[in-house]
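What follows is a short report on a single structure.
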Amino acid sequence: MSRRIRVIGIGSGNPDHMTIQAIDALNSCDVLFVPTKGEEKAFLAELRHEICTRFITGPMPRLVHYAVPKRRADGDYGTAVDDWHDAIAAIYEDLLLSEVAEGETVGLLVWGDPMLYDSTLRLIDRLTARARVSFDHDVIPGITSLQVLCAEHRMPLNRIGAPVTITTGRRLAAGWPEGASDVAVMLDGVQAFNSVADRDATLTWGAYLGTPMQILRQGRLGDIADEVTATRAAARAEHGWIMDIYLIRASATEADSDGEAA
């Protein structure tokens, strides 16, 4: 009998966003792997503990904490990410062999949704390729920060009949996506919205979505870009970390000209 891995999306920060499917999956686990990312991000581990305390109705699974290695900031970005993923996959592999018995189920509690800009499923693929430990796995979706952003601002994600491009700050900083009119941006450490030429675009921004620290801003890009930049810097200084996301809607003039909003 092989081990089982359950990849469980737990939402963006509000325990109320846990789905019934996620709660049932959580209650089926014998072991939970809990990542720690340093003192400044202790909140992330604490939230996972809060979710366990609130929703597990039977015996508490064994909690196995592990330190997440830091990604190199120097050299080629792609190579650094590849090496980082290898290091985390090796940790998973060792923990599966040492902490999870044959026939047991381990849960990986993933922030947001495992399918949207998260690498857990890629790590699972690496474990499969390494073939040192036998397991099967399933995936439980979670509420994403993009959904929470739109819900908190009481707005639809897309305009009528129009697509939405989801990208990263690194990509947006390199240029506005070709043919796009509405762009959702995740993983932005450089505030790439400041590089967008269409200053009449609408910027819808949120940080720490779903948590008690949540911050929201919305307005004309040219009017609020500096405020968002300053607010983001102050929040990061206060908490030691930040997770934010935003949606940029090109102005009507730019959207009508083949979406060339930059």
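Taken together, the values in this text are just the output of simple stated rules run on the coordinates, not laboratory data. No experiment lies behind these values; they were computed from the predicted model shown. Virtual Cβ from ideal backbone geometry, glycine too; neighbours counted across all protein chains shown.
Rounded to the nearest 5, the antiparallel percentage of DSSP beta bridges internal to the chain is 40%.
What separates the Cα centres of region 145-209 and region 103-137 is a distance of 28 Å.
Relative to the longest principal Cα axis of the chain, at what angle does helix 221-239 sit, 0 to 90 degrees, rounded to 10? Its long axis makes an angle of about 30 degrees. Along its first, second and third principal axes, ordered by size, the chain spans 61, 39, 39 Å in Cα coordinates.
Between the beta carbons of ALA73 and GLU102, assuming R0 = 41 Å, the FRET efficiency works out to 0.55 to the nearest 0.05. Mean 1/r over all different Cα pairs, inverted: what Kirkwood radius does region 133-204 give, in Å? Every distinct Cα pair counted, the radius reaches 14.3 Å. Tilt of helix 42-55 relative to the longest C-alpha principal axis of the chain, in degrees (0 to 90, nearest 10)? On a 0 to 90 degree scale, this one is about 60.
Remark: spin-label model distance ASP200-LEU187 equals 3.4 nm, labels positioned 7 Å along the Cα→Cβ axis.
Helix 120-130 and the longest principal axis of the Cα set of the chain meet at an angle near 50°.
Computed per residue of the chain from DSSP H runs no shorter than four, each worth -39500 (n - 2.57), the mean residue ellipticity at 222 nm is -11000 deg cm²/dmol.
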